[in-house]
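Trainee: Below you'll find the structure I mean.
The values are calculated or read from the model by the stated rules, or taken from the named source; none is laboratory data. Keep in mind the model is a prediction, meaning the values are calculated, not measured. Cβ placement follows ideal geometry from the backbone for every residue including glycine, while neighbour counts extend to all protein chains displayed. These accessible areas exclude ligands, DNA and RNA; they are computed on the full protein's heavy atoms, side chains included. Shrake-Rupley method; radii C 1.70, N 1.55, O 1.52, S 1.80 Å.
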Amino acid sequence: MTNFSETEERQELRKQVARLASKYGRDYFTAKARAGEKTTDLWLEIGKNGYLGINIPEEYGGGGGGIGDVAAVCEELAAQGCPLLMMVVSPAICGTVISRYGTEEQKQRWLPGICDGTSTMAFAITEPDAGTNTHNITTTARKDGDEWVLNGQKIFISGVDEADNMLVVARAEDAKTGKVKPVLFVVPTDSAGLEARSIPMEIVSPELQFQVFLDDVRLPGDALVGDEDGGLVQLFAGLNPERIMAASFSTGLARFALERATAYAKERAVFKDAIGSHQAIAHPLAQTHIEIEMARLMTQKAAALYDAGDDMGAGEAANMAKYAAAEVACDAADRAVQTHGGNGITQEYGMAGLLVATRAGRIAPVSREMILNFVAMHSLGLPKSY
Ligand SMILES: Cc1cc2nc3c(=O)[nH]c(=O)nc-3n(C[C@H](O)[C@H](O)[C@H](O)COP(=O)(O)OP(=O)(O)OC[C@H]3O[C@@H](n4cnc5c(N)ncnc54)[C@H](O)[C@@H]3O)c2cc1C
């Protein structure tokens, strides 16, 4: 093994997850999506095998591994045509924030269910008016005796219908200074005053997005995660894992598209030889292969830095990985459609659905433009542009 390849253990993990996911595969995933059903059996099986919470400490039901492990699981699932967005959210964002900042009691209460898949947690920061500018969120947390009262709106929140709880980012006013600070709460999705409305999306996925209305939602004092004054640091703890996971989601989808396109290019012949013998078909696929490997390497670097405790170094690498992975996934889907000709747009071959699924990676969880803003400012030292 050299420094440029993953450990044997990680490679074995990838093989096992790929084997498990291939029993389900793309047909299972799209059939569930089109029937309005969920992929709960796959979710529970990866939970039961210890893959879902592989990044979470063992004492709370996890595998005691790192973000690189859970990212490998996410990538291998997507590479088999089963991209699970809730893997980004539940074990990686919520699991990391609670593991790092939750009280002992909170960790005992929420982490085991995140690990075995029986109690999924959604994550809610985005708001209709604030959008990318999360500093402008207006969901407010007010203290009322020992309780907190939440009011506000969230949008594009994934998997609320599959989640028992939601980690909600709100703002609270500091009683002493009057300054507004971000605070995090675990909110049960069946709380009185919480309403979730599904947003019709063009993505072919069993995982849905929701608009969430919080109307005087009352929470006990211990729903607050971590320190009331440390909200921003706590929130940032979830960002690198989120980006590394989003990158893995995209590289997995890109691998899936490339694998299908290559197989089709080998078998389909319309002139003398298979269409893959024409460079116009072969070169874009070869290019995608190179770009996938580059994005995967960057993702593995980001995960290695994060797991080594270098949050700053991981920040730049995670942003770059997420950017590179989203770009190659979009290109891979487009090239897979083109390789399939008319079949590329049929439901039977399922390639066109990848166009929207991969396209979402350029927007969420952080947009392409915000990554370029980050790199321009932090890597190149250019003035802040927003
Ligand atoms: C499939 C999906 C799942 C999601 N799941 C979740 C979830 O579970 N939880 C959650 O909290 N959120 C979730 N989101 C929301 C997601 O994080 C946001 O959509 C994203 O952050 C962009 O915000 P916006 O949609 O409001 O776009 P806007 O902020 O309105 O931005 C619109 C466009 O303007 C660009 N732009 C804005 N400001 C600047 C600037 N200063 N410089 C350059 N360009 C700029 C943006 O990059 C973007 O291209 C999800 C979104 C999608 C699509």
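Trainee: Of all residues in the stretch 371-386 being small (G, A, S) and not in a helix (DSSP H, G or I), which is surrounded by the fewest Cβ atoms within 10 Å (Cβ to Cβ)?
Mentor: Once the filter is applied, the top-ranked residue is G381.
Trainee: Moving on to the next point. Can you tell me which of A326, A317, A333 is closer than 15 Å to L239 by Cβ and not aromatic (F, W, Y)?
Mentor: Just a single option satisfies the conditions, and that option is A317.
Trainee: A follow-up question, please. Quick check on D311: is it touching a residue at least 40 places away in the same chain (Cβ under 8 Å), in contact with a helix residue (DSSP H, G or I) (Cβ under 8 Å, 6 or more places away or on another chain) and open to solvent by 50 Å² or more (accessible area, probe 1.4 Å)?
Mentor: Taking the combined requirement at face value, the residue satisfies it.
Trainee: Determine, yes or no, whether P182 is at pLDDT below 95, under 15 Å from A124 (Cα atoms) and not basic (K, R).
Mentor: Judged against the criteria, P182 is a match.
Trainee: Still on this structure, please answer the following. Of the residues in the stretch 34-56, how many are among the aliphatic types (A, V, I, L, M) and either farther than 24 Å from D307 by Cα or open to solvent by 20 Å² or more (accessible area, probe 1.4 Å) (or both)?
Mentor: 4
Trainee: Follow-up. Can you confirm whether E195 is surrounded by fewer than 16 Cβ atoms within 10 Å (Cβ to Cβ) and closer than 30 Å to A31 by Cα?
Mentor: Yes.
Trainee: Scan the stretch 229-238 residue by residue and report those that are over 21 Å from G313 (Cβ atoms) and either within 10 Å of the chain's Cα centre (by Cα) or open to solvent by less than 10 Å² (accessible area, probe 1.4 Å) (or both).
Mentor: Residue satisfying the conditions is G231 alone.
Trainee: For G226, which of the numbered conditions (1) modelled with pLDDT of 95 or more; (2) farther than 30 Å from G350 by Cα; (3) not aliphatic (A, V, I, L, M) fails to hold?
Mentor: (1)
Trainee: Moving on. Residues of the stretch 183-203 being aliphatic (A, V, I, L, M) and assigned to a strand (DSSP E or B), which ones?
Mentor: Residues satisfying the conditions are V183, L184, V186, V187, L194, A196, I199.
Trainee: Of all residues being in contact (Cβ under 8 Å) with a residue 60 or more places away in the chain and closer than 21 Å to M370 by Cβ in the stretch 135-166, which is farthest from the chain's Cα centre (by Cα)? Just the residue, please.
Mentor: Among residues in the stretch 135-166 that are in contact (Cβ under 8 Å) with a residue 60 or more places away in the chain and closer than 21 Å to M370 by Cβ, the one farthest from the chain's Cα centre (by Cα) is T139.
Trainee: So which of A326, A336 is part of a helix (DSSP H, G or I), more than 16 Å from the ligand (Cβ to nearest atom), at pLDDT 95 or above and among the small types (G, A, S)?
Mentor: A336
Trainee: Then there's this: Looking at P241, P206, can you tell me which residue is at pLDDT 95 or above, in a loop (DSSP other than H, G, I, E, B), within 15 Å of the ligand (Cβ to nearest atom) and open to solvent by less than 30 Å² (accessible area, probe 1.4 Å)?
Mentor: Among P241, P206, only P206 is at pLDDT 95 or above, in a loop (DSSP other than H, G, I, E, B), within 15 Å of the ligand (Cβ to nearest atom) and open to solvent by less than 30 Å² (accessible area, probe 1.4 Å).
Trainee: Do any residues in the stretch 4-33 that are closer than 19 Å to A295 by Cβ have Cβ atoms under 8 Å from those of residues that are open to solvent by 70 Å² or more (accessible area, probe 1.4 Å) and in a helix (DSSP H, G or I), where the two are at least six apart or on different chains, and which pairs are they?
Mentor: Sorted first by the residue in the stretch 4-33, then by its partner, the pairs are F4/L297; S5/Q11.
Trainee: Output the residues belonging to the stretch 348-370 that are more than 16 Å from the ligand (Cβ to nearest atom), in contact (Cβ under 8 Å) with a residue 40 or more places away in the chain and open to solvent by 10 Å² or more (accessible area, probe 1.4 Å).
Mentor: Y349, G350 - these are the residues of the stretch 348-370 that are more than 16 Å from the ligand (Cβ to nearest atom), in contact (Cβ under 8 Å) with a residue 40 or more places away in the chain and open to solvent by 10 Å² or more (accessible area, probe 1.4 Å).
Trainee: Going by the conditions given, is A257 at negative phi and assigned to a helix (DSSP H, G or I)?
Mentor: yes
Trainee: Only residues that are of a type in the set (D, E, K, R) and open to solvent by 30 Å² or more (accessible area, probe 1.4 Å): list them for the stretch 314-326, please.
Mentor: E316
Residues are listed down the side, and each one gets a yes or a no for (1) open to solvent by less than 30 Å² (accessible area, probe 1.4 Å); (2) within 30 Å of P83 (Cα to Cα); (3) in contact with a Ser or Thr (Cβ under 7 Å, 6 or more places away or on another chain); (4) within 16 Å of the ligand (Cβ to nearest atom):
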| site | (1), (2), (3), (4) |
| --- | --- |
| V187 | yes, yes, no, yes |
| I199 | no, yes, no, yes |
| F213 | no, yes, no, yes |
| D216 | no, no, no, no |
| D227 | no, no, no, no |
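Trainee: Would you point out the residue of the stretch 108-127, among those that are of a type in the set (S, T, N, Q) and more than 21 Å from P220 (Cα to Cα), that is farthest from the ligand (Cβ to nearest atom)?
Mentor: The qualifying residue farthest from the ligand (Cβ to nearest atom) is T118.
Trainee: Out of the residues in the stretch 128-161 meeting the condition of being near the ligand (Cβ under 8 Å from one of its atoms) and in a loop (DSSP other than H, G, I, E, B), tell me which one is surrounded by the most Cβ atoms within 10 Å (Cβ to Cβ).
Mentor: Among residues in the stretch 128-161 that are near the ligand (Cβ under 8 Å from one of its atoms) and in a loop (DSSP other than H, G, I, E, B), the one surrounded by the most Cβ atoms within 10 Å (Cβ to Cβ) is G159.
Trainee: Given the conditions (1) in contact with a strand residue (DSSP E or B) (Cβ under 6 Å, 6 or more places away or on another chain); (2) open to solvent by 20 Å² or more (accessible area, probe 1.4 Å); (3) among the aliphatic types (A, V, I, L, M), and given that A175 satisfies all but one, which numbered condition is not satisfied?
Mentor: (1)
Trainee: Is it fair to say I137 is over 24 Å from A21 (Cα atoms) and in contact with an Asp or Glu (Cβ under 6 Å, 6 or more places away or on another chain)?
Mentor: Judged against the criteria, I137 is a match.
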